[in-house]
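Peer 1: Pasting in a structure now, in structure tokens, and then I'll have a few things to ask.
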Amino acid sequence: MKNNNDLFSPESKHESASRSDGAHPSQPKRSHGSRGRLKRIILFTIIDLLLIGIGLIVFALFHHAIPKQGTTEAIELPAVTPTQTEQVAVVTPEPEIQPTQTDGEATQTPSPTPFVDQGMWGEKFADKFTDGEVISTDNTYQSEDINVTITKVEENSATYYIADIYVRDIDNFKTMMAQDTFGTGFTEKTVDMATNSNAIVAISGDNYGARNFGIVIRNGVLYRDNIFEDVLIMNNDGSMETFSPDDFDINTILQNGAWQGWSFGPLLMTDGQPMVKGTFNSNVNPRNPRSAVGYFEPGHYCFILVDGRQSGYSDGLTLEDLSKVFYDLGCTVAYNLDGGQTAVMAFMDAETNIPYEGGRKTSDILYIAENEG
């Protein structure tokens, strides 16, 4: 496009000067040149405005109308349906009704049926919770909503810790991102995140921030929707499911919602059965520090933290060995999270295990906590 500055070139200035030197403005040739310059100014102005408009349209299209492939803005997924958290009627024997004498006729005084909020699994696991008091020891915690027992196991040159977990409601099973921020480059120690979130027990997560791909669903919000490897989904009803990349359907998640979603793996059980020898790639299967989560039924879960790479203390577990541990415990779903130096468990604001080389910061945790308020 011709530069508008050409309109003020030396030739243009010379022509203007010659007019000021006494040339008559009505001379046809010079009058025609003046109108030509005016037309060019108007034409260039229109072209510039059109180009600016096109640029704004393209900017809006790419930044608002066309989503970036493999990513998504944070989307709040469908929440738990009301029928899952509505109050549960407690059936109590009706008291014997004493007749009341009124003008010689017996009348009955009705008594209302009491309702008690049992949460999603309060009635099912009533024996696991207290009436309101908190009872805790060095390795247990019991309250109105939570029951956690930490067990240390030492066998076959491996030391690992099992956190057996019961919760009254799905809101007691939470996740936290380092610095409360989604994205790569944000990390904190597991124990620090556990302390900041008032966690009863916590375990290092899938370290989603170490890569820019893989499903990320946290506390009912979808942050990233592309596929990495095997996926673990915690549904709104408290159930857990694992998927291979080929079996996972993001459209189902968008429609039905989910409470949590992780992408690391591999999955450690299929159809409730442990993995057979030779299932896993030899590069990831040697004995190592591990962190993993298991599922028994809605409201009943477990975290397992395996120490490793520490001669004389713990060599770690293979993925097949870890799969067998979950199966022996009675889990029906189990899933491997980020291990190695990342693998850390915290209980009541202190590290439970002895992390490899002191542990390292990570981008997220899974944790169990009381509901605020």
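Peer 1: I need the full set of residues from segment 274-304 which are within 18 Å of Lys174 (Cα to Cα) and not in a loop (DSSP other than H, G, I, E, B), in order please.
Peer 2: First, the residues of segment 274-304 that are within 18 Å of Lys174 (Cα to Cα): 291-304.
Within segment 274-304, Ser291, Ala292, Val293, Gly294, Tyr295, Phe296, Glu297, His300, Tyr301, Cys302, Phe303, Ile304 qualify.
Peer 1: Can you report the number of residues in segment 264-295 which are over 16 Å from Ile203 (Cβ atoms) and surrounded by 14 or more Cβ atoms within 10 Å (Cβ to Cβ)? Explain how you work it out, then say what you get.
Peer 2: To start, the set of residues in segment 264-295 that are over 16 Å from Ile203 (Cβ atoms) comprises 266-267, 269-287.
Next cut, surrounded by 14 or more Cβ atoms within 10 Å (Cβ to Cβ) only: 266-267, 269-270, 274-275, 279-280, 285-287.
Total satisfying the criteria: 11.
Peer 1: Which of the residues spanning segment 248-273 are over 30 Å from Arg309 (Cβ atoms) and in a loop (DSSP other than H, G, I, E, B)? It would help to see each step written out before you state the result.
Peer 2: Our first condition is that a residue be over 30 Å from Arg309 (Cβ atoms); within segment 248-273, this holds for 248-259, 271-272.
Scanning segment 248-273 gives Phe248, Asp249, Gly257, Ala258, Trp259, Asp271, Gly272.
Peer 1: Right, something else. Just give me the residues in segment 297-318 being within 24 Å of the chain's Cα centre (by Cα) and more than 21 Å from Asn139 (Cα to Cα), in sequence order. First the steps, then the outcome.
Peer 2: Of all residues in segment 297-318, those within 24 Å of the chain's Cα centre (by Cα) come to 297-306.
Answer for segment 297-318, where residues must be within 24 Å of the chain's Cα centre (by Cα) and more than 21 Å from Asn139 (Cα to Cα): Glu297, Pro298.
Peer 1: Tell me the strands (runs of 3 or more DSSP E) entirely within segment 129-247 that contain at least 1 residues that are over 13 Å from the mean Cα position of the chain (by Cα) and either of a type outside the set (Ser, Thr, Tyr) or farther than 22 Å from Asp364 by Cβ (or both). Quick ask: steps written out before the conclusion?
Peer 2: Details: elements: 140-142, 146-155, 158-167, 173-177, 201-204, 216-218, 221-224, 231-234, 240-243.
Once the strands (runs of 3 or more DSSP E) in segment 129-247 are filtered for at least 1 residues that are over 13 Å from the mean Cα position of the chain (by Cα) and either of a type outside the set (Ser, Thr, Tyr) or farther than 22 Å from Asp364 by Cβ (or both), what remains is 140-142, 146-155, 158-167, 201-204, 240-243.
Peer 1: Got a sec? Which of Tyr295, Tyr223 is in contact with a strand residue (DSSP E or B) (Cβ under 6 Å, 6 or more places away or on another chain) and farther than 25 Å from Leu317 by Cβ?
Peer 2: On the way: Tyr295 fails: farther than 25 Å from Leu317 by Cβ.
Answer to the selection: Tyr223.
Peer 1: Given the options Asn235, Asn288, Asn256, name the one that is touching a Phe, Trp or Tyr at 6+ places or on another chain (Cβ under 7 Å), in the same structural domain as Asp364 (by TED's automatic domain parsing) and in contact (Cβ under 8 Å) with a residue 24 or more places away in the chain. Reasoning before the result, please.
Peer 2: Values: Asn288 fails: touching a Phe, Trp or Tyr at 6+ places or on another chain (Cβ under 7 Å); Asn256 fails: touching a Phe, Trp or Tyr at 6+ places or on another chain (Cβ under 7 Å).
Asn235 is the lone residue from the list that is touching a Phe, Trp or Tyr at 6+ places or on another chain (Cβ under 7 Å), in the same structural domain as Asp364 (by TED's automatic domain parsing) and in contact (Cβ under 8 Å) with a residue 24 or more places away in the chain.
The values are calculated or read from the model by the stated rules, or taken from the named source; none is laboratory data. Just so it is clear, the model here is predicted, and its values are computed rather than measured. Cβ atoms come from the backbone with ideal geometry, glycine included; neighbour counts cover every protein chain shown.
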